[in-house]
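Participant: Take a look at this one; I'll ask things after.
The values are calculated or read from the model by the stated rules, or taken from the named source; none is laboratory data. Since we're looking at a predicted model, the values are computed, not measured. Glycine gets a Cβ as well: all are built from the backbone with ideal geometry, and neighbour counts include every protein chain shown. Heavy atoms of the whole protein, side chains included, go into the accessibility calculation; ligands, DNA and RNA do not. Shrake-Rupley method; radii C 1.70, N 1.55, O 1.52, S 1.80 Å.
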Amino acid sequence: MLGILKGVITLRSDIVRKGLEKAPHRSLFRALGFTDREMGEPLIGVVNSFNEIIPGHIHLREITEAVKAGVRMAGGVPVEFPVIGICDGIAMNHKGMKYSLASRELIADSIETMVEAHAFDGLVLVTACDKIVPGMLMAAARLNIPAIVVSGGPMLAGRFRGRDVSLSNVFEAVGQVKAGQMTPEELAALEEVACPGCGSCAGMFTANSMNCLTEALGMALPGNGTILAVTAARRRLAKLSGLRAVELVRENLTPGQILTPAAFKNALTVDMALGCSTNTILHLTAIAHEAGVKLDLREINALSDRTPNLCRLSPAGPFHLQDLEEAGGVPAVMNLLLEAGLLDGEALTVTGQTVKDNVKGRRVQRREVIRSVDDPYSPTGGLAILFGNLAPEGAVVKQAAVAPEMLRHRGPARVFDSEEAAVKAIMAGNFRSGDVIVIRYEGPRGGPGMREMLTPTATLAGLGRDKDVALVTDGRFSGATRGASIGHVSPEAAARGPIAALRDGDMVEIDIPGRRLEVLLDEREIAARLETLPAFVPRVTSGYLERYARQVSSASKGAVFCFGE
């Protein structure tokens with residue numbers, strides 16, 4: 001860690017740059033072109049998740065250069081290094097999706113490895129999409145050296161026949177073609193325009209959800225979640241983030257001072273107000289684990305019960321991230337919540353100021369995008385945690401994106417042991433009105449990797465069946481999912497959770513307002529069925545996924561590595 005002695009900053013990087021015995025180390029820095037002056041300045045790791053396969057990351061070289069300019073402006077020395085990233089959209093609905101959540105742990109571990117090996121003084125984490133954001137935050141919490149996050153920003157919405165569209169519309173259009181409501185030619189035209197350029201996909205999907213919540217946690221500057229990828233303002237934010245990283249080192253302000261219980265409650269409250277992705281529960285739980293903060297899923301329900309849902313962004317409504325930015329962004333939402341007494345305004349942030357200071361005077365500019373606390377879309381938050389004999393450890397649903405008629409539902413189970421089997425049946429119309437489609441053995445261990453299942457949910461929505469068919473899984477969903485889609489059912493089937501006992505025709509009862517998920521069987525019948533199940537046979541027996549499946553914990557614990565729990 002960094003200390004301050006008699007007004008002189010003692011840098012963490014001194015261990016590799018100061019003293020007679022470090023002459024060989026300095027020689028290697030000289031090989032990098034370091035000058036004498038740079039040898040004594042804060043060494044800032046700039047973690048660049050650029051690659052050429054994710055639209056949200058394709059411009060991150062430019063963002064990273066802006067960050068490095070900011071670091072130099074403040075008198076620091078930027079040193080860039082990379083991490084991997086997966087495009088969830090491209091990985092969707094095939095083996096590739098098994099690696100998406102699993103990549104989060106690789107990202108956190110690789111950052112830890114680079115920082116500890118090279119003794120960086122501080123970090124700027126340049127991110128954009130899905131698992132990269134939480135992976136970076138997990139690393140920041142674990143390392144507890146001065147760190148700040150800056151994302152590449154959201155994508156512009158596309159335009160199709162006079163309306164804004166995004167990637168979720170393309171997924172749903174597949175079902176519309178299947179239902180005869182759209183022609184293949186129309187789908188091709190939509191495909192051309194839905195994703196117009198760089199940035200994280202334009203709705204309140206997982207990437208944008210996590211970038212907004214990084215801001216709410218206090219680990220990014222205001223604007224991180226909503227300033228568009230294509231704008232100069234995004235480049236200015238990147239410069240300011242680099243500049244601020246050096247100041248954080250000089251102030252010795254670390255994630256441990258920011259990622260407090262109050263910060264996580266604030267983030268979850270903003271989560272409920274915005275109507276974010278169900279994946280945020282998984283990721284916030286994992287980040288809290290690294291920060292030494294315990295998140296109880298039942299406490300999350302209490303926050304949801306008291307927090308009004310103020311925004312309905314795609315897929316829950318017609319608006320996109322550019323609309324939220326025009327409306328005042330996350331600071332305007334937080335100011336409303338603060339004035340209503342729903343946030344802890346004294347929580348510290350990377351600005352060096354409190355939440356109260358950061359959001360003071362930030363007003364809503366478009367009331368149709370951000371409603372008032374007195375006139376919300378709903379009096380309770382966008383997410384709900386369901387419990388019951390089908391999910392003793394909990395399950396998650398984006399209640400803000402559920403049709404009113406499906407908030408309470410009872411129907412027969414239609415059980416599938418893989419996503420592929422379920423998609424095949426849905427595409428063939430092999431289900432009935434009222435069914436509860438159950439997809440199991442897709443959890444963290446069973447999948448392995450807890451695949452996102454946007455294809456089945458979007459196909460149902462495209463077919464117009466999201467208002468009469470529910471979907472329940474021990475896997476998870478994309479933030480672009482809408483409908484009565486209940487994920488993260490824990491314990492998972494591979495761990496002999498009750499979902500493994502389900503059979504076709506069992507009556508499943510969903511009560512989202514009541515926070516319940518039940519199968520109408522008595523406990524003795526469930527136990528008897530589980531007792532007769534054969535031992536679970538892992539689907540992957542080599543490589544990283546095999547190791548991942550052995551080490552990963554339940555989704556209810558954030559699907560973090562548990563090492564023998």
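Participant: Of all residues in region 395-426, which are over 21 Å from ASP305 (Cβ atoms) and part of a helix (DSSP H, G or I)?
Facilitator: Across region 395-426, the qualifying residues are GLU405, GLU419, GLU420, ALA421, ALA422, VAL423, LYS424, ALA425, ILE426.
Participant: Right, next: In region 180-221, what residues are among the polar types (S, T, N, Q) and open to solvent by 10 Å² or more (accessible area, probe 1.4 Å)?
Facilitator: GLN181, THR183 - these are the residues of region 180-221 that are among the polar types (S, T, N, Q) and open to solvent by 10 Å² or more (accessible area, probe 1.4 Å).
Participant: Here's a follow-up. Here is a list: ILE86, ILE132. Which entry is in contact (Cβ under 8 Å) with a residue 12 or more places away in the chain, under 24 Å from PRO196 (Cβ atoms), open to solvent by 10 Å² or more (accessible area, probe 1.4 Å) and in contact with a helix residue (DSSP H, G or I) (Cβ under 9 Å, 6 or more places away or on another chain)?
Facilitator: Values: ILE132 fails: open to solvent by 10 Å² or more (accessible area, probe 1.4 Å).
Going through ILE86, ILE132 in turn, just one is in contact (Cβ under 8 Å) with a residue 12 or more places away in the chain, under 24 Å from PRO196 (Cβ atoms), open to solvent by 10 Å² or more (accessible area, probe 1.4 Å) and in contact with a helix residue (DSSP H, G or I) (Cβ under 9 Å, 6 or more places away or on another chain): ILE86.
Participant: Counting only residues that are assigned to a helix (DSSP H, G or I) and among the β-branched types (Val, Ile, Thr), how many does region 207-227 have? Even if it seems obvious, please write down each step before you answer.
Facilitator: Step one: filter region 207-227 for residues assigned to a helix (DSSP H, G or I), giving 207-217.
Within this subset, residues satisfying the condition of being among the β-branched types (Val, Ile, Thr) are 214.
Number of matching residues: 1.
Participant: While we're here: Which pairs have Cβ atoms under 6 Å, sit 6 or more apart or on different chains, and link a residue in region 380-404 that is on the phi > 0 side of the Ramachandran plot to one that is among the charged types (D, E, K, R) and open to solvent by less than 10 Å² (accessible area, probe 1.4 Å)?
Facilitator: Taking only residues 6 or more apart or on different chains, not a single pair turns up.
Participant: Only residues that are assigned to a loop (DSSP other than H, G, I, E, B), out of contact with any strand residue (DSSP E or B) (no Cβ under 8 Å at 6 or more places or on another chain) and at negative phi: list them for region 285-313, please. Spell out the reasoning first.
Facilitator: Step one: of region 285-313, the residues assigned to a loop (DSSP other than H, G, I, E, B) are 292-296, 307-308, 310-312.
Right, trim to out of contact with any strand residue (DSSP E or B) (no Cβ under 8 Å at 6 or more places or on another chain) and you get 292-296, 307, 310.
Result: VAL293, LYS294, LEU295, ASP296, THR307, LEU310.
Participant: Could you identify the single residue in GLY487, GLY449 that is under 19 Å from the mean Cα position of the chain (by Cα) and either at pLDDT below 95 or closer than 22 Å to ARG312 by Cα (or both)?
Facilitator: Details: GLY449 fails: either at pLDDT below 95 or closer than 22 Å to ARG312 by Cα (or both).
Answer to the check: GLY487.
Participant: Another question, then. In this structure, is GLY434 in a loop (DSSP other than H, G, I, E, B), open to solvent by less than 10 Å² (accessible area, probe 1.4 Å) and touching a residue at least 12 places away in the same chain (Cβ under 8 Å)?
Facilitator: On the way: in a loop (DSSP other than H, G, I, E, B): yes; open to solvent by less than 10 Å² (accessible area, probe 1.4 Å): no; touching a residue at least 12 places away in the same chain (Cβ under 8 Å): yes.
The answer is no for GLY434.
Participant: Does VAL415 satisfy the condition of being open to solvent by less than 40 Å² (accessible area, probe 1.4 Å), of a type outside the set (D, E, K, R) and more than 23 Å from the chain's Cα centre (by Cα)?
Facilitator: Values: open to solvent by less than 40 Å² (accessible area, probe 1.4 Å): yes; of a type outside the set (D, E, K, R): yes; more than 23 Å from the chain's Cα centre (by Cα): yes.
Spelling it out, VAL415 is indeed open to solvent by less than 40 Å² (accessible area, probe 1.4 Å), of a type outside the set (D, E, K, R) and more than 23 Å from the chain's Cα centre (by Cα).
Participant: Something else now. Every residue in region 149-173 that is in a helix (DSSP H, G or I), open to solvent by less than 10 Å² (accessible area, probe 1.4 Å) and hydrophobic (A, V, I, L, M, F, W, C), please. Show your work before the answer.
Facilitator: Just the residues of region 149-173 that are in a helix (DSSP H, G or I), to begin with: 167-173.
Cutting the leftovers down to open to solvent by less than 10 Å² (accessible area, probe 1.4 Å) gives us 168, 173.
Scanning region 149-173 gives a single hit, ALA173.
Participant: Out of region 2-26, which residues are in a loop (DSSP other than H, G, I, E, B), at pLDDT below 95 and either polar (S, T, N, Q) or under 35 Å from the mean Cα position of the chain (by Cα) (or both)? Give the derivation first.
Facilitator: We begin by selecting, within region 2-26, every residue in a loop (DSSP other than H, G, I, E, B); these are 2, 6-7, 11-13, 18-19.
Checking the rest, the ones that are also at pLDDT below 95 come to 2, 6-7.
Residue satisfying the conditions is LEU2 alone.
Participant: Something else now. So which residues in region 544-565 are open to solvent by 40 Å² or more (accessible area, probe 1.4 Å) and under 23 Å from LYS95 (Cα atoms), if there are any at all?
Facilitator: Initially, region 544-565 is screened for residues open to solvent by 40 Å² or more (accessible area, probe 1.4 Å), giving 544, 546-547, 550-551, 557, 563-565.
Correct list: TYR544, GLU546, ARG547, ARG550, GLN551.
Participant: May I pose another question? Counting just the residues of region 315-333 that are in contact (Cβ under 8 Å) with a residue 40 or more places away in the chain and open to solvent by less than 10 Å² (accessible area, probe 1.4 Å), which one comes out farthest from ARG363 (Cα to Cα)?
Facilitator: Only one residue fits best here, namely HIS320.
Participant: Are any of the residues in region 232-243 modelled with pLDDT of 95 or more and part of a loop (DSSP other than H, G, I, E, B)? Walk me through how you get there before you give the answer.
Facilitator: Filtering region 232-243 down to residues modelled with pLDDT of 95 or more leaves 232-243.
Okay, now just the ones that are also part of a loop (DSSP other than H, G, I, E, B), so none.
Within region 232-243, none of the residues are modelled with pLDDT of 95 or more and part of a loop (DSSP other than H, G, I, E, B).
Participant: Does ARG515 satisfy being farther than 30 Å from ASN169 by Cβ, loosely packed, with under 13 Cβ neighbours inside 10 Å and not aliphatic (A, V, I, L, M)?
Facilitator: no
Participant: Let me ask something else. Of all residues in region 355-394 being part of a strand (DSSP E or B) and either of a type in the set (Phe, Trp, Tyr) or within 20 Å of PHE264 (Cβ to Cβ) (or both), which is most open to solvent (accessible area, probe 1.4 Å)?
Facilitator: Step one: filter region 355-394 for residues part of a strand (DSSP E or B), giving 378, 384-388, 391-394.
Filter again for either of a type in the set (Phe, Trp, Tyr) or within 20 Å of PHE264 (Cβ to Cβ) (or both), leaving 384-385, 387, 393-394.
Numbers: ALA384: 1, ILE385: 1, PHE387: 25, GLU393: 74, GLY394: 3 Å².
Only one residue fits best here, namely GLU393.
Yes/no matrix, rows are residues, columns are (1) farther than 14 Å from SER168 by Cα; (2) crowded, with 22+ Cβ neighbours inside 10 Å; (3) touching a strand residue (DSSP E or B) at 6+ places or on another chain (Cβ under 8 Å):
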site	(1), (2), (3)
ALA428	yes, no, no
VAL438	yes, yes, yes
TYR441	yes, yes, no
GLY446	yes, yes, no
LEU460	no, yes, yes
VAL472	yes, yes, yes
GLY479	no, yes, no
ALA484	yes, yes, yes
GLY487	yes, yes, yes
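Participant: Further question on the same structure: Regarding GLU62, is this residue open to solvent by 20 Å² or more (accessible area, probe 1.4 Å), within 24 Å of the chain's Cα centre (by Cα) and at pLDDT 95 or above? Outline the logic, then answer.
Facilitator: On the way: open to solvent by 20 Å² or more (accessible area, probe 1.4 Å): yes; within 24 Å of the chain's Cα centre (by Cα): yes; at pLDDT 95 or above: yes.
The answer is yes for GLU62.
Participant: Taking region 53-81 as the search range and keeping residues that are among the small types (Gly, Ala, Ser) and part of a helix (DSSP H, G or I), which one is farthest from LEU248 (Cα to Cα)? Don't jump to the end; show me each part of the working.
Facilitator: From region 53-81, those among the small types (Gly, Ala, Ser) are 56, 66, 69-70, 74-76; that's our starting set.
This time we only want the ones that are part of a helix (DSSP H, G or I), so: 66, 69-70.
Details: ALA66: 18, ALA69: 16, GLY70: 13 Å.
Here the answer is ALA66.
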